[in-house]
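Enquirer: Take a look at the following structure, please.
The values are calculated or read from the model by the stated rules, or taken from the named source; none is laboratory data. What you see is a predicted model, and the numbers here were worked out from it, not measured in a lab. These accessible areas exclude ligands, DNA and RNA; they are computed on the full protein's heavy atoms, side chains included. Shrake-Rupley method; radii C 1.70, N 1.55, O 1.52, S 1.80 Å.
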Amino acid sequence: WSQKEEKENSVTNDFVGTMIEQCGGKNLQTSSRKEIHSGHLRHLMVKRRFDLDTEKEGLLLKSLHPTPAVGGEPRNSALEFIAAQEKHRRGLYTGGIGLAGAQNLEGYVNLRCARLFNNAAILYAGAGLNSDSNWQLEWKETAEKMAVIGKYLNG
C-alpha cells in the first residue's frame with residue numbers, strides 16, 4: 001500500500017474511533033489493519049468491537065456519516081467546499097451497510113453504493129483524495145470501483 005492509501009485509511013480509522021468514544025462506546029477492541037479482497041480490488045479494513053447503550057446507536061450512526069473516506073477532512077470545511085463546487089445536489093455520500101439484531105449491530109463504512117430506479121441506477125463512490133493524490137490515478141481507481149457494481153447490475 002502506498003503512503004497515500006495508508007494516510008487515507010488512517011484518517012478514516014482515527015475518525016471512526018473518535019466518534020465511537022464521543023458517543024459513549026465502552027470496552028473498545030480494535031483489530032490490526034487487514035487486507036480484504038472484493039473481485040480484483042483490494043481494501044484495507046479494521047474491525048472494532050465495543051459496547052454502546054441502545055439509545056446512542058442512532059447518534060453514532062449519524063455521527064459517522066459521511067466519514068472522511070467519502071466526505072473529506074476536516075469534515076465541515078470539506079462538506080461546505082463540496083456543496084459550493086458541485087453542480088448537482090448530492091443525494092448520497094455513499095452509505096453505511098450492516099445488520100442489526102436485538103443485541104448486536106454490525107456495520108461497515110461503505111465506499112460504493114447505488115440508487116436504483118425502474119430502468120436506471122446512479123452509482124456513488126468515494127475517491128480518497130488527499131495531498132498525495134494523483135487525480136488521474138484516482139479517476140481510474142474510481143472507475144474500477146464502479147465497474148464492480150456495474151458487473152452485478154448488468155447480470
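Enquirer: How much solvent-accessible surface does Leu60 expose, in Å² to the nearest 10, with a 1.4 Å probe and all protein chains in place?
Expert: 10 Å²
Enquirer: Just to make sure I understand: if all protein chains stay in place, what is the order of Val16, Val109 by accessible area at 1.4 Å, largest first?
Expert: Descending accessible area places them as Val109, Val16.
Enquirer: Taking the alpha carbon gyration tensor of the chain, what are the square roots of 5 times its eigenvalues, largest first, to the nearest whole Å?
Expert: 26, 19, 18
Enquirer: Sticking with this one: Helix-derived [θ] at 222 nm for the chain: sum -39500 (n - 2.57) over DSSP H runs of at least 4, divide by residue count, nearest 500? Don't skip to the answer; put the middle values down first.
Expert: On the way: 5 runs with 62 residues, N = 155.
Only helices count here, giving -12500 deg cm²/dmol.
Enquirer: So for Asp53, Asp14, what's the accessible-area order with a 1.4 Å probe, most first?
Expert: Output order, biggest surface exposure first: Asp14, Asp53.
Enquirer: Using Cα positions and a limit of under 18 Å, work out the aspartates and glutamates in reach of Lys56, with same-chain residues fewer than 8 apart set aside.
Expert: Cross-link targets: Glu21, Glu106.
Enquirer: A follow-up question, please. Below 8 Å between Cα atoms, with a sequence gap of 6+, how large is the relative contact order for the chain in percent?
Expert: Once normalised by length, the contact order is 18 percent.
Enquirer: With no solvent and one equal point scatterer per Cα, compute the Debye intensity ratio I(q)/I(0) for region 27-79 at 0.22, 0.27, 0.28, 0.30 Å⁻¹ and report its log10, rounded to two decimals.
Expert: Debye curve over Cα of region 27-79, log10 I(q)/I(0) at q = 0.22, 0.27, 0.28, 0.30 Å⁻¹: -1.04, -1.02, -1.02, -1.03.
Enquirer: Please check: in the Gaussian network model of the chain (C-alpha springs, under 10 Å), which one of Gly71, Gly58, Gly17 has the largest mean-square fluctuation.
Expert: Gly58
Enquirer: Computed on alpha carbon atoms, what radius of gyration and Dmax characterise region 78-155, expressed in Å?
Expert: Rg, Dmax (Cα atoms, Å): 15.0, 45.
Enquirer: Students often get this wrong, so check it: of Lys34/Lys151; Lys4/Lys140; Lys26/Lys47; Lys7/Lys140; Lys4/Lys151, which have C-alpha atoms separated by over 23 Å?
Expert: In this structure, Lys34/Lys151; Lys4/Lys151 lie more than 23 Å apart at Cα.
Enquirer: Out of His43, His88, His65, any idea which swings most in a Gaussian network model of the chain, alpha carbons joined below 10 Å?
Expert: Of His43, His88, His65, the Gaussian network model singles out His88 as fluctuating most.
Enquirer: Express in whole angstrom the spacing between the alpha-carbon centres of region 127-155 and region 33-77.
Expert: Using only Cα atoms to place each centre, the spacing works out to 19 Å.
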